[in-house]
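The values are calculated or read from the model by the stated rules, or taken from the named source; none is laboratory data. For clarity, every value in this text was computed on a predicted model and none was experimentally measured. Quick reminder, even Gly has a Cβ in these numbers, built from the backbone with ideal geometry, and neighbours come from all protein chains shown. The area values use the complete protein model at the heavy-atom level, side chains included, leaving out ligands, DNA and RNA. Shrake-Rupley method; radii C 1.70, N 1.55, O 1.52, S 1.80 Å.
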Amino acid sequence: MTRCRCVCKSWSSLIHSPFFVAAFSNFRKSTTNFIFKNGNRFFSSKIEEEQQGEGGGNKYKVPIPTPLAEISYRNGCIALDHYNTNVHKLQSVHGLVCSSFKCGPVFILNPTTRESIQLPHVNTRGFDTYHFGFTPLTNEYKVLQVISSWELGKWNHWLNVYTLGLGRDSSWRPLQVDPAMEIWTLHTGTSSTGSLCVNGAIHWFNNRRKTIVVFDVREESFSLVPLPEDFSQEYNDIFDTCSKAFASIVEVGGCVGVLVGRSWKHYKIVLWILKADQNLVWVKETITITEMLREATSVQALGTIHTGELGLCFNGTLEVDNPTLHLHLYNMKSKQYRRLDFVFSEVAVDPLYTRPIQLVTSYSDSIIPLK
């Protein structure tokens, strides 16, 4: 899209207007986009629904993955050029992607328009964690920075907020926290699995307290949500057989969901869904996994995609003679699976590269401008 940006002022004003941006997003709701990583190369694909059925019979829509294509516009995709799985987190929110370093700059990327910007760097002496969010009430994107530093025998924490948008003061603002809130509880812990923005609030998992931290993007305030009573028991059962157990937080039908990582080794995935966050109503779902996923070394829960199904990705090493990556879609109502295959071209497969293919992130289409 950036190749065709030479338009008259009236057209430029139209396509950048909030009304047009919102209309485009609504029009593209029936698709989900993905970014994959193989070695130092990145690939993109998407799932679109195609209508099938002939004549007067019943017509139905079937999700079809497009062939994976290598991302060739790397010079305009700064956030991906600097991506490294060991020190980065990629967070996708309402069409934009935030790529953050542990101790470095933060990039915001719009994969649809191929635009990216780098946020001002804040020099810190500690460990930085970034959380990306959007509030539909004011159509604002914000980045929350949590700085943690070990000094004089104790942890110290500071908070900064950056608001995206044209015409705004492009700088980080210090954020004051309610004195009643113990600020150390805002730290994710050592096994962070990222954060999730749902309904104008960013959620992430605190390993030490076994709670969910909630940041209201509009009000810039915090709250804590306790996990279900039986979560600790399920977590400990997994941990006893696999010391690498961790909690993941995913979106399930517009709600916050929590599951225990590596639980597929027990032939099941236990998922808790926060159906009403104000009343703290947790609903427990136990998902029996397929035989193929039982043998997986890494299973990534994506949350629900545009079809309403829960996505489970089997990250594995591509075979040269069968370069296919599988995405399993689980229907929460029928309890049934279906599988979608993402096919890599033979050129994309490096026979000397033995590390698993990674699904880096999923995102929705958006034409919101960054510059």
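Could you run through segment 332-366 and say how many residues are under 16 Å from ALA69 (Cβ atoms), of a type in the set (D, E, K, R) and either at pLDDT 85 or above or part of a strand (DSSP E or B) (or both)?
Going through segment 332-366 one residue at a time, the tally reaches 2.
Looking only at segment 89-138, which residues are part of a strand (DSSP E or B) and among the basic types (Lys, Arg)? Even if it seems obvious, please write down each step before you answer.
The first filter runs over segment 89-138 and keeps only residues part of a strand (DSSP E or B), leaving 89-93, 96-101, 106-110, 115-118, 127-135.
Passing the criteria: only LYS89.
Can you tell me how many residues within segment 120-147 are touching a residue at least 40 places away in the same chain (Cβ under 8 Å) and not acidic (Asp, Glu)? Spell out how you get there, then give the answer.
Keep residues of segment 120-147 that are touching a residue at least 40 places away in the same chain (Cβ under 8 Å), which gives 120, 122, 129-144, 146.
Imposing the further condition that a residue be not acidic (Asp, Glu) reduces the set to 120, 122, 129-139, 141-144, 146.
Residues meeting the conditions: 18.
If you go through segment 139-151, how many residues are in contact with a strand residue (DSSP E or B) (Cβ under 7 Å, 6 or more places away or on another chain) and either open to solvent by less than 20 Å² (accessible area, probe 1.4 Å) or not in a strand (DSSP E or B) (or both)?
Filtering segment 139-151 down to residues in contact with a strand residue (DSSP E or B) (Cβ under 7 Å, 6 or more places away or on another chain) leaves 140-149.
Of the ones still in play, those that are also either open to solvent by less than 20 Å² (accessible area, probe 1.4 Å) or not in a strand (DSSP E or B) (or both) are 141-149.
Within segment 139-151, residues that are in contact with a strand residue (DSSP E or B) (Cβ under 7 Å, 6 or more places away or on another chain) and either open to solvent by less than 20 Å² (accessible area, probe 1.4 Å) or not in a strand (DSSP E or B) (or both) number 9.
Could you grab me the full set of residues in segment 152-197 that are at pLDDT 65 or above, under 26 Å from GLY95 (Cα atoms) and assigned to a loop (DSSP other than H, G, I, E, B)?
LEU164, GLY165, SER170, SER171, TRP172, LEU175, GLY194
Looking at (1) modelled with pLDDT of 80 or more; (2) open to solvent by less than 20 Å² (accessible area, probe 1.4 Å), can you tell me which one PRO323 breaks?
(1) is the only condition that PRO323 fails.
If VAL122 passes every condition in (1) within 16 Å of PRO174 (Cβ to Cβ); (2) touching a Phe, Trp or Tyr at 6+ places or on another chain (Cβ under 7 Å); (3) modelled with pLDDT of 85 or more but one, which one does it miss?
Checking VAL122 against (1) within 16 Å of PRO174 (Cβ to Cβ); (2) touching a Phe, Trp or Tyr at 6+ places or on another chain (Cβ under 7 Å); (3) modelled with pLDDT of 85 or more, the one that fails is (3).
Mind counting the residues in segment 202-235 that are at pLDDT 90 or above and among the charged types (D, E, K, R)?
Count: 4.
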